[in-house]
Amino acid sequence: MSFLRIYKFSRLVYLLALILIFPLFSCSGGDGGPATVTSFGDLNLSWIAPDQREDGTEFYPSLELAEYRVYYGSEPGDYQNQVDIIYGFTDAQVASIPAGIYYAVVTAVDKQGRESLYSEEVKVAVAQ
């Protein structure tokens, strides 16, 4: 008996999901014009871990570094997106973003929460 209740409940949820999602697939492009298709790709970056602080003093990444932060955006100097990378990795992949040209920088964050200045900006093409 309980199996039937679960089955009926899950079937109801499935039907409700279809009712809610189906209109999203059946909508046209507003004025009946062609819909735009966006292709997606991966943004891949890698960097070298710092060995000194900006003021020139020694820096011990294994003892002091907490994470890296990757900032990226579609315009030079305008980084609308941020990805935090735990210490130990010196590469990042941002998966399934719209294809196009992106500008990215990386910062290092120590265990006290102090963030470095931006690295040199790189221009990266994301292809589908």
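Considering 92, 108, which residue is within 13 Å of residue 48 (Cα to Cα), within 11 Å of the chain's Cα centre (by Cα) and aliphatic (A, V, I, L, M)?
92
Of (1) open to solvent by less than 90 Å² (accessible area, probe 1.4 Å); (2) at negative phi; (3) modelled with pLDDT under 85; (4) assigned to a loop (DSSP other than H, G, I, E, B), residue 32 satisfies all except one. Which?
Against the list (1) open to solvent by less than 90 Å² (accessible area, probe 1.4 Å); (2) at negative phi; (3) modelled with pLDDT under 85; (4) assigned to a loop (DSSP other than H, G, I, E, B), residue 32 comes up short only on (2).
How many residues are more than 20 Å from residue 103 (Cα to Cα), in a strand (DSSP E or B) and in contact with a Phe, Trp or Tyr (Cβ under 7 Å, 6 or more places away or on another chain) if we restrict to segment 42-66?
Matching residues across segment 42-66 total 3.
Name the residue, out of 93, 112, that is modelled with pLDDT under 95 and more than 30 Å from residue 39 (Cα to Cα).
Values: 93 fails: more than 30 Å from residue 39 (Cα to Cα).
Exactly one residue qualifies, and that residue is 112.
Output the qualifying pairs, or none if there are none: Cβ atoms under 7 angstrom, residues six or more apart or on different chains, first residue in segment 100-128 and open to solvent by 80 Å² or more (accessible area, probe 1.4 Å), second residue not β-branched (Val, Ile, Thr).
111/64; 111/66; 117/54; 123/103; 128/39; 128/40; 128/41; 128/99
The values are calculated or read from the model by the stated rules, or taken from the named source; none is laboratory data. Given the structure is predicted, the values throughout are model-derived calculations rather than measurements. Neighbour counts are summed over all protein chains in view; Cβ atoms, including those assigned to glycine, are modelled from backbone coordinates with ideal geometry. These area figures cover heavy atoms from the full protein model, side chains too; ligands, DNA and RNA do not enter into them. Shrake-Rupley method; radii C 1.70, N 1.55, O 1.52, S 1.80 Å.
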